[in-house]
Every structure is written in structure tokens, then in C-alpha cells.
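Take a look at the structure set out below.
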Amino acid sequence: MSTNLLAGKLGVVFGVANKRSIAWAIAQAWHKAGATLAFTYQGERLKENVEELAGTFGSDTLILPCDVTKDEDIARVFTEVGGKFGKLNLLLHSVAFAPKDALEGEFVNTSREAFRISHDISAYSLVALARGAAPLMTEGGSIVAMSYYGAEKVVPHYNVMGVAKASLEASARYLAYDLGPKKIRVNCISAGPVNTLAARGISGFSEMLKHYEAHAPLKRNVLPDELGATGTFLASDGAAAITGQTLYVDCGYQIMGM
Ligand code: NAD
Ligand code: 0WE
């Protein structure tokens with residue numbers, strides 16, 4: 001990857017849980033490309049992890065708690081980021097959650113509460129974060145969100161998360177329209193399966209990795225570094241005319257009909 005593609009850019013990263021998080025792969029790539037980053041973590045449980053990882057970027061790295069279901073948490077993040085940086089160029093949304101039982105049974109049995117929680121955390125949060133970030137993106141900006149193929153085709157057991165990802169991708173399009181006049185771009189990366197904390201809880205996940213290896217044109221799974229490289233491209237001026245898109249970074253799996 002060419003260096004300093006993001007020199008002088010300021011960003012905030014949502015969704016680092018540990019070193020395997022996709023958010024961490026993209027944050028490392030953004031950092032290597034010259035960006036200065038702030039981080040948020042979901043709760044006390046993850047505070048130490050994020051401090052240890054983000055601390056490697058310098059002892060003055062801004063690290064803040066943020067539960068994306070809480071408007072007051074989101075407001076505080078942008079107040080503090082604005083105070084420290086004065087402006088913002090980049091935002092990574094790498095956050096998703098559905099109650100575990102909703103990912104196990106049949107979609108038809110999704111409860112009203114599981115549907116609400118999944119959409120609140122995994123889709124509405126992008127709207128809330130974009131609204132918080134936009135006033136700071138005074139020179140324009142790039143917002144990147146993580147999606148998955150289950151948004152467009154049925155992936156057994158992905159269930160309500162697939163419906164929430166469809167909402168996330170559609171939200172990215174409407175946000176791209178609203179924020180386009182401010183030169184703020186909003187795109188999704190639809191990643192192939194990656195062995196992270198969020199994936200490890202899924203029964204049959206290692207079979208899914210094998211299925212992709214067998215059926216994707218490139219005959220392998222995507223690497224975290226490759227998601228970092230795509231995240232860097234979308235954040236860079238090279239992608240200045242790309243907005244509202246979902247870019248598949250899945251070794252070609254999405255093009256297959258059989
Ligand atoms: P991960 O567990 O490392 O990251 C998920 C993050 O969501 C965690 O950091 C968690 O703290 C955060 N989160 C959950 N609820 C939250 C809340 N209420 N407030 C704030 N943060 C909250 O797993 P990951 O696989 O890196 O997932 C990151 C993103 O990538 C998700 O959007 C996921 O859907 C997407 N994705 C993952 C895969 C995969 O196979 N792992 C594939 C495609 C897309
Ligand atoms: O987006 C995801 C997973 C997100 C996720 C994971 C969990 C596990 C723990 C959301 N909520 C929860 N809730 C929990 O309690 N992926 C793209 C990875 C994934 O998850 C699947 C997949 C794939 C791929 C679930 C079923 C089928 C395929």
C-alpha cells in the first residue's frame with residue numbers, strides 16, 4: 001500500500017473489541033497511512049483491550065466509552081473529539097449485535113424486541129453517528145460501515161442481522177444523498193467471513209470459512225489486512241467520487257450464482 005494516503009486526516013473508530021476486530025485491522029491501516037485516530041469502546045469490559053491496542057499509537061490517543069444505543073454517549077464522543085481535533089475527516093462504523101437466540105432459530109420467530117435491538121445497534125447507530133460527525137467534517141469526510149452478504153441473499157441463521165444489514169446499506173445510501181453536498185461520503189464494505197469475536201459465537205462458522213474457500217473465485221478467505229487496505233482506499237481522496245456504495249471484499253464470492 002502506498003504510504004501517507006491519509007496524511008493529516010483525523011478519524012474516529014467505533015467497534016474495536018480486541019486484536020481480531022475488523023475495526024482494529026482498518027484502524028491499523030488508517031494509522032499506517034498517516035491518519036490520527038480516536039477510539040471508542042462499548043463498555044468497561046472492553047476498556048482495557050482498547051487502551052492496550054490504541055495506546056500503541058501514542059499515549060495521548062483519545063479513547064472514550066460509547067454504547068451506540070445511548071444518545072448521550074454519542075453526543076459526548078463528538079464533543080470530546082471536536083475539542084481534541086477541532087475537525088474530523090474519517091469515521092469507521094464496525095458495530096453489530098443481535099440477541100444470540102435470534103441467530104439460532106428460524107427468522108420467522110424473531111421477537112419484536114430482538115428485531116428492535118438488532119436494528120438499533122447495527123443500523124440506526126450509523127445514522128446517529130453520521131449526524132454527530134457531520135458538523136465536524138468541515139472539509140468533507142469519509143464514513144465507512146461494515147456489512148455482510150446476508151443483507152442481499154439469505155444466509156441460513158444470519159436471520160435478523162441480514163435484515164439489519166439491508167437497513168444499514170440503505171441507510172448509507174440515504175446518508176450519502178443528504179451529506180453529499182458537504183463532501184461527506186458514506187460507503188459500506190461487505191466483508192467475507194472473518195474469524196472474530198462476533199463470528200466465533202456462531203455455530204458452523206468454520207464450515208462457512210471452508211465453504212467460501214471452496215466456492216469463491218479466489219479460492220480463499222479475505223484477510224483482515226485486505227479489509228484495512230479497502231478501508232484506506234475508501235477513506236482516501238482516490239475514492240472521492242465513490243459514495244453510497246457497498247463494496248464486496250469477499251474474494252469474489254458474491255458474484256457466484258452456483
Ligand atoms: P467484533 O466483535 O470484533 O466487533 C463488533 C463490535 O461491535 C465490538 O467491538 C462490540 O463492542 C461492538 N458493539 C456491539 N454492541 C455495541 C453497542 N451497543 N455499542 C457500541 N459498540 C457495540 O466483530 P467483527 O467481526 O470485527 O464485527 C465488526 C463489524 O463487521 C460488524 O458490523 C459485523 O457485522 C461486520 N462483519 C463481520 C464479518 C465477520 O465475518 N466477522 C463479516 C462481514 C461483516
Ligand atoms: O455480522 C456478523 C455477526 C454479527 C453478530 C454476532 C453475534 C454473536 C454473538 C451479531 N450479534 C451477535 N450476537 C451474539 O450474541 N457476521 C457477518 C458474522 C456472521 O455471523 C453469522 C454468520 C456470519 C458470517 C451468523 C449466522 C450465519 C452466518
Can you tell me what percent of all Cα-Cα pairs in the chain are more than 25 Å apart? 40 percent
The alpha-carbon center of the range 24-54 and that of the range 210-241 are separated, in whole Å, by 20 Å
What value, in deg cm²/dmol to 500, does the helix sum -39500 (n - 2.57) over DSSP H runs of n ≥ 4 give at 222 nm once divided by the residues of the chain? -12000 deg cm²/dmol
Beyond 22 Å, what percent of the Cα pairs of the range 20-143 remain? 40 percent
Using only the alpha-carbon atoms of the range 107-223, report the extent along each of the three principal axes, biggest first, to the nearest angstrom. 45, 38, 23
Could you pull out the pairs from LYS100/LYS210; LYS9/LYS87; LYS19/LYS87; LYS19/LYS153; LYS9/LYS84 whose alpha carbons sit more than 21 Å apart here? LYS100/LYS210; LYS19/LYS87; LYS19/LYS153
Treating the beta-carbon of each Lys and Arg as +1 and of each Asp and Glu as -1, no other charges, what is the dipole magnitude of the chain about its Cα centre, to the nearest 20 debye? 420 debye
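Each value in this text was obtained by applying a stated rule to the coordinates, not by laboratory testing. Fair warning: this is a prediction, and the values are worked out from it, not measured in the lab. Note: ideal-geometry Cβ built from the backbone for every residue, glycine included; neighbour counts use all protein chains shown.
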